[in-house]
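Chemist: Structure provided below as structure tokens; questions to follow.
Rule-based calculations on the coordinates, nothing more; no lab input. Given the structure is predicted, the values throughout are model-derived calculations rather than measurements. A quick note on method: Cβ atoms are made from the backbone with ideal geometry, for glycine too, and the neighbour counts reach across all protein chains shown.
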Protein chains: 2
Amino acid sequence: MTFDPCPVTPVAELVFGKWTTQVLWTLAHHGRTRFTELQRLVPAITPKVLAQRLRQMERDGLVGRTYHAEMPPRVEYEMTPLARTLLPVFHTLVDWSDTHLGEVERARERYDAAL
Amino acid sequence: MTFDPCPVTPVAELVFGKWTTQVLWTLAHHGRTRFTELQRLVPAITPKVLAQRLRQMERDGLVGRTYHAEMPPRVEYEMTPLARTLLPVFHTLVDWSDTHLGEVERARERYDAAL
DNA sequence: CCGTATCCCTTAGGATACTG
DNA sequence: CAGTATCCTAAGGGATACGG
């Protein structure tokens, strides 16, 4: 008996890949944001990787992209309503962190000390 | 302004790494479990990787390990109380999946079709 | 039975430079 | 400005075999 593929895995792959939560978090607080500014707001992300993540999130329906045919061009990204439904989920995770992350830290110290 | 390191990231790294949720999910449903059985219950995981994940989760205080000095040896793993506090969080994620994962699927199809 | 030791290999990610 | 193109690396994972 193998408890059918763990149902947490799909959503974990969707939103908890590297950079994904940071980009969503930034869009949640900053609203519509241009590519370059996003690059400034998410520390240390390179343009290649940022573009990759944005494409994926666009495909998954989590971010919307608006292209303004001006010169120079202007592109803006924003959360979709679908992505906004994730915000309470994030809140739950942050709550858990506030309550229990310290215990994780202590467990690590104990483990490393017992070495 | 860079919205201070996204607070979701630490807990994401803690529990949403590869295999981690599947192992926790299995322990949650199966209770105390031996190494070999865990290997059977989590499809396709190799002993090396399973041992790695278990060590990490032990260090993080998420799983307890009990060694029985018999012949042959017997080792059992189980969720800690700390890990059990994650179950409501998992529940939240599964709820979100039930409600919204279909919409993600449809977004992907639309995106791929628009190619 | 419960792992560790080795080796291989893919792949995500980083650095950098360049274009429409 | 908003990205691609190119190249590189390293870190983690898989397969397999072996040891206490």
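Chemist: For the protein assembly as shown, give the magnitude of the charge dipole about the Cα centre (Cβ charges: +1 Lys/Arg, -1 Asp/Glu; no others), in debye to the nearest 20.
Modeler: 600 debye
Chemist: Then there is this: Please list the three semi-axes, largest first and in whole Å, of the ellipsoid equivalent to segment B:1-83, using sqrt of 5 times the eigenvalues of its alpha carbon gyration tensor.
Modeler: After scaling each eigenvalue by five and taking roots: 28, 13, 11 Å.
Chemist: Which whole DSSP H helices in chain B pass both tests: a Cα extent of 20 Å or more along the axis and a mean Kyte-Doolittle value no lower than -1.0?
Modeler: Counting only whole DSSP H runs, the qualifying helices are B:87-113.
Chemist: Which distances, shortest first and in nm, link A:Arg65 to the matching position in the other copies, using label points set 7 Å out along Cα to C-beta?
Modeler: Label-point separations across copies, in nm and ascending: 4.5.
Chemist: If we hang a label 7 Å off Cα along the beta carbon direction at A:Lys18, how far is it from the matching labels on the other copies, in nm, shortest first?
Modeler: Taking the point 7 Å beyond Cα along Cα→Cβ, the inter-copy spacings are 1.2 nm.
Chemist: Where the centre of each part is set by its Cα atoms, how far does segment A:70-99 sit from segment B:62-115, in angstrom?
Modeler: With segment A:70-99 and segment B:62-115 each reduced to a Cα centre, they are spaced 22 Å.
Chemist: Then there's this: Quick one: pull the percentage of alpha-carbon pairs in the protein assembly as shown with a separation above 26 Å.
Modeler: 45 percent
Chemist: Oh, and also: Compute the label-point distances linking B:Thr99 to its equivalents in the other copies; points lie 7 Å from Cα along Cα→Cβ; give nm, one decimal, shortest first.
Modeler: Reported distances to equivalent positions: 1.9 nm.
Chemist: Same structure again: Let me confirm one metric for peptide B:107-113, namely the mean number of other chain beta-carbon atoms within 10 Å of its residues' beta-carbons.
Modeler: Numbers: counts 8, 4, 1, 2, 6, 1, 0.
The mean count of partner-chain Cβ atoms within 10 Å per residue comes to 3.
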